[in-house]
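In what follows, a structure is listed as structure tokens, so that the remarks can point back to it.
The values are calculated or read from the model by the stated rules, or taken from the named source; none is laboratory data. Remember, it's a predicted structure, so these values are computed and weren't measured experimentally. Positions of Cβ are backbone-derived with ideal geometry, glycine not excepted, and every protein chain shown enters the neighbour counts.
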Amino acid sequence: MNPRKRPKSRRGYALLTMFGLVTLVTIAGVTYIDSATQTVRLSYRQRIDVQTTHLCEAGVQEVLRSLWRPFKIDQNFEGMSDVCNGASSATPQATLSGEIEGVGEYSAGVVRYEEPDNDPYTRLVTVRAVGWQDLNGNNQLDDNEPRKTVDVTGSFQLARSQVFDYTYFVNNYGWMDGFQESWLIVNGDVRANGNFNFLNGSPTVNGSVYASLNEKLSPAAAGLVNTPPVKWTNSTYKTNHDNAATLYRERWRQAYDPAVHGARGSEEYDRWRDYIFDSEAQIVDGRPSGAVIGDVTGHRGWTRTSTNGATTTTMLDTSPTHEVVMPDLSDLSYYSNLSQNYVDTKATFGNGTPNPLYGQGAYVDVWNASTNSYQRITTDGVLNGTAVLIGTSSKPIRIHGPVTFTEDCVIKGYIAGQGTIYTGRNVHIVGSIRYSTKDATGQTVGTPDFRGSDPDAIDNANEVRNMLGLAARGSVIMGNTTTFTSSYPLYYMRPPFTKGRWDENGNWIPPYDATQTDYTGRKKYQSTISDSTMNSIAEGINQLDAILYTNFVGGGNIGTAGGGIAFNGTIISKDEAMVVFSLPMRMNYDHRIRERKISKAPLIDIQLPRSPTLLRSTWQDQGFQFKYYSGLYGN
């Protein structure tokens, strides 16, 4: 037989099992607490990282803004250089500090200031900002306080100004009053840095119309286009453009034709879009394309084919327009230096032919009948005083590069060459200005012609042709000033028609008054030449081939000899005061001054005035330091 053994006690095993379970629970609890603590720490660290990043951004913005405002007003780098020269990590310049209540404190300054690649129009400014939480409230950064450091580089530039993208640009209020649709036809875009009003009828504007909110004007401008003007359809525009009887049709922008310019949104269309007229507005590649009305309410397309016809609008984009900064010519020494130091650096043209004026400086030559030869009237690109320039078809005025006259330029006739005349006072246009068929060396080049199916071929042909800029520190005055009356055009050259404004620092700039006497003893609208000389040379203005720019008023009496007027170029002014005495008037944009996408430069660079811009180019995180301890969140 096989007897059973008595079972041993299992109590010890139960205790061990219970102990093991308790141990596991304890470990799990500790692990959970540690994990939760790590989560809290990580969450807190991330929150502090975000907050100190915002503090750094506040410091960067404040430094850049402190440099931008005077740069925007002065439009040169002298003041910026005075503040930023010598900047380094060890000796930061333009330093400042501040606090965002409930978030923390920041300190920022310029640690690098340079002119890249000897570019006189650009300065790179690197701002270093430190943002931290002041845990002990001593307004100082202590070792145990969390902080972040960033470096941001901004590019301050005197860049090609966007004002030259328009046929008509007014820094104050844009206005076209009393025109019927056939009396004034604008083939190009128009813009104002205030309201834009079409009154007592409507001209035809085959292009975009822009206005912008401007609270610096007095009275402030709401930034509205009051009503859409008449605009042709693409087919109507093309019919007129292709009509051989149409004057200066070769100066018009082409009408959009998908067979030539490609489908909207295609690469081919992108090559053409800035140089053609497209009546049908759309959003193409993220931006408005075609003729739009843009103002504080957004961008919209429109149709209005006659004064009494129905008007329809289509909203494309509700983003408002903004002010386009206008260049300032108050510092004439800047332009004198530009003239004296100018050298033509273009060795060859786009078609591969050599530039005969490569390496030469700036000058103006006029024909001297007594010596039967051309005479250079500038010295190193500068003329001290006033000069009268008269060009004929056989003996045109010859210009090369940017030249500066310290007082007035009185001008009419034919122009050969490519350049801009800057004046310390006024430009007086006392007759038609026409481009010669010959260049400044006497070679036949023809006149501008924007017809064709190959944009590169069109550019190559027009790059060698003549172009004139007239830029006045005072005003651009058109016509015989001895015939001006209080009604026409002087009413439009003084208050209340002209408007005052506040500058960026809140200083009041009074409205322009052409009837005031200036430092020369003459009225502001008058030239420094005598009235008898003015009477002997002035004649009616029927054609203007030029880019006109003025710090003050652009206007006068035009078309006084009958036959209407053709304006092939651009007028840019703070106040506009053109009075048209004969019709029709045609304004055709010369897109050779518009920036090309590939080169980022105009087809012809005649050294037109530049506008200040600020671009943020890099953001570099220099690190976030965080020393955790329980007191950070109150435990």
Task: Checklist (1) part of a strand (DSSP E or B); (2) under 30 Å from Glu62 (Cα atoms); (3) over 18 Å from the mean Cα position of the chain (by Cα) applied to Leu141, failing item - done: (1)
- [ ] Kindly establish whether Gly452 is under 28 Å from the mean Cα position of the chain (by Cα) and not assigned by TED's automatic domain parsing to the domain that holds His261.
- [x] no
Open item on the list: Just to be sure I understand, how many residues within the range 584-614 are closer than 27 Å to Leu64 by Cα and of a type in the set (Gly, Ala, Ser)?
Closed with: 2
Task: Lone unmet requirement of (1) part of a strand (DSSP E or B); (2) out of contact with any Pro (no Cβ under 6 Å at 6 or more places or on another chain); (3) modelled with pLDDT of 95 or more for Leu124 - done: (2)
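Can you find a residue that is assigned to a helix (DSSP H, G or I), crowded, with 17+ Cβ neighbours inside 10 Å and free of Cβ contacts under 8 Å to residues at least 40 places away in the same chain anywhere in the range 447-458? Talk me through it step by step, then tell me what you get.
If we filter the range 447-458 for residues that are assigned to a helix (DSSP H, G or I), which is where we start, we get 455-458.
If we keep only those that are crowded, with 17+ Cβ neighbours inside 10 Å as well, we get 455, 458.
Okay, now just the ones that are also free of Cβ contacts under 8 Å to residues at least 40 places away in the same chain, so 458.
Checking the range 447-458: at least one residue is assigned to a helix (DSSP H, G or I), crowded, with 17+ Cβ neighbours inside 10 Å and free of Cβ contacts under 8 Å to residues at least 40 places away in the same chain.
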Open item on the list: Between Thr153, Thr167, Thr204, which is at pLDDT 95 or above, over 30 Å from Tyr256 (Cβ atoms) and within 27 Å of the chain's Cα centre (by Cα)?
Closed with: Thr153
TODO: Scan the range 250-268 residue by residue and report those that are surrounded by fewer than 18 Cβ atoms within 10 Å (Cβ to Cβ) and touching a residue at least 24 places away in the same chain (Cβ under 8 Å).
DONE: Glu250, Val260
- [ ] Scan the range 133-145 for residues that are touching a residue at least 60 places away in the same chain (Cβ under 8 Å) and not charged (D, E, K, R) and jot them down.
- [x] Gln133, Leu135, Asn144
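What strands (runs of 3 or more DSSP E) completely inside the range 269-332 contain at least 2 residues that are assigned by TED's automatic domain parsing to the domain that holds Leu224, within 21 Å of Val163 (Cα to Cα) and in contact (Cβ under 8 Å) with a residue 12 or more places away in the chain? First the steps, then the outcome.
On the way: elements: 282-284, 287-289, 293-295, 298-303, 312-317.
In the range 269-332, 287-289, 293-295, 298-303 are the strands (runs of 3 or more DSSP E) which contain 2 or more residues that are assigned by TED's automatic domain parsing to the domain that holds Leu224, within 21 Å of Val163 (Cα to Cα) and in contact (Cβ under 8 Å) with a residue 12 or more places away in the chain.
Only one of Arg596, Arg586 is more than 24 Å from Glu323 (Cβ to Cβ), surrounded by fewer than 19 Cβ atoms within 10 Å (Cβ to Cβ) and among the basic types (Lys, Arg); which?
Details: Arg586 fails: surrounded by fewer than 19 Cβ atoms within 10 Å (Cβ to Cβ).
Being more than 24 Å from Glu323 (Cβ to Cβ), surrounded by fewer than 19 Cβ atoms within 10 Å (Cβ to Cβ) and among the basic types (Lys, Arg) holds for just one of Arg596, Arg586, which is Arg596.
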- [ ] Please state which one of Arg65, Arg112, Arg69 is farther than 23 Å from Pro146 by Cα and either part of a loop (DSSP other than H, G, I, E, B) or at pLDDT 95 or above (or both).
- [x] Arg112
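Table: residues versus (1) touching a strand residue (DSSP E or B) at 6+ places or on another chain (Cβ under 8 Å); (2) of a type in the set (A, V, I, L, M); (3) crowded, with 21+ Cβ neighbours inside 10 Å; (4) touching a residue at least 40 places away in the same chain (Cβ under 8 Å).
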position	(1), (2), (3), (4)
Val103	no, yes, no, yes
Tyr113	yes, no, yes, no
Tyr121	yes, no, no, yes
Gly131	yes, no, yes, yes
Arg147	yes, no, yes, yes
TODO: Quick one: which residue in Tyr414, Tyr422, Tyr435, Tyr363 is buried (at least 18 other Cβ atoms within 10 Å of the Cβ) and within 19 Å of Met534 (Cα to Cα)?
DONE: Tyr414
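Only residues that are over 30 Å from the mean Cα position of the chain (by Cα) and either among the polar types (S, T, N, Q) or buried (at least 24 other Cβ atoms within 10 Å of the Cβ) (or both): list them for the range 543-567, please.
Of the range 543-567, the ones over 30 Å from the mean Cα position of the chain (by Cα) are 559-564.
Correct list: Thr560 only.
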- [ ] Please verify whether the range 245-252 includes one or more residues that are acidic (Asp, Glu), within 30 Å of Leu608 (Cβ to Cβ) and within 26 Å of the chain's Cα centre (by Cα).
- [x] no
Task: the range 231-268, residues that are among the hydrophobic types (A, V, I, L, M, F, W, C), assigned to a loop (DSSP other than H, G, I, E, B) and over 14 Å from Glu280 (Cα atoms) - done: Ala244, Ala245, Leu247, Trp252
Open item on the list: Given the criteria assigned to a strand (DSSP E or B) and not small (Gly, Ala, Ser), does Arg616 qualify?
Closed with: yes
Task: Among the residues listed as Ser336, Ser279, Ser330, the single one being polar (S, T, N, Q) and modelled with pLDDT under 95 - done: Ser330
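Pick out, from the range 464-561, the strands (runs of 3 or more DSSP E) lying fully within it that include 2 or more residues that are modelled with pLDDT under 95, touching a strand residue (DSSP E or B) at 6+ places or on another chain (Cβ under 9 Å) and of a type in the set (Gly, Ala, Ser).
Result: empty, no element qualifies.
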TODO: Kindly indicate which of Asn139, Asn197, Asn144 is polar (S, T, N, Q) and under 30 Å from Tyr549 (Cα atoms).
DONE: Asn197
TODO: Take the range 456-490 and flag every residue that is closer than 16 Å to Ile593 by Cβ and of a type outside the set (Gly, Ala, Ser).
DONE: Ile458, Asp459, Asn462, Glu463, Val464, Arg465, Asn466, Met467, Leu468, Leu470
